[in-house]
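The values are calculated or read from the model by the stated rules, or taken from the named source; none is laboratory data. Remember, it's a predicted structure, so these values are computed and weren't measured experimentally. Glycine also receives a Cβ, built like all others from the backbone with ideal geometry; neighbour counts cover every protein chain displayed. Calculation scope for accessible area: heavy atoms of the full protein, side chains included, ligands and nucleic acids excluded. Shrake-Rupley method; radii C 1.70, N 1.55, O 1.52, S 1.80 Å.
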Amino acid sequence: MTKSAIRDLGLLSLALFFTACGGSEESNDAAGPSEAAAVEQPTSAESLVGEWRLVEIDMGDGEDFVPSADAIPMLNFTAEANPTGSRILNGSGGCNRVMGGYDAGSTGRITFTNGPAMTMMACPEPVMRLEQVFMMGLEAARTYEIAGDRLSIDFGGGTLLMERVEG
């Protein structure tokens, strides 16, 4: 066998090997759109990451709360985990600083851990009442849903309605 025949045979063997191992574009697409989308879509917890401001607390019984322009509760969901494995949460209840952790799953379940804790400054009554209901909503949170730049957190007795803050 000549050197060129051996080289051609080697190249043919490599081509067959890579074709067999690598598959074709058609076989890569066989995974289907759901698997491709799962790779491209962030997990639910990742979609929470960022800063959100409270728009309204819908109490379901008609007593809704809307924050005043000078005391808007805010939450900053981070991707960073604390020593217990929960992700870190910080923000403001409208008057006091809020800190703690959160666990969010792909099923829409959410829990806030370590309280969440809050500083204890006194503020005017309407702000304190809103902050009290806001914190109650976080402590009792069950599920969440994100639609575009809107976040809804259901806490059984109502819903915290928030919007993403552009960064």
| query | Which percent of the accessible area of the range 39-167 is formed by carbon and sulfur heavy atoms (probe 1.4 angstrom)? | reply | 52
| note | Quick calc, E166 & A81: beta-carbon distance into FRET formula, R0 22 Å, rounding 0.05, result 0.30
| Loop-located GluC sites (Glu not before Pro) in the range 74-167 whose Cβ has at most 10 other Cβ within 10 Å (DSSP) | E166
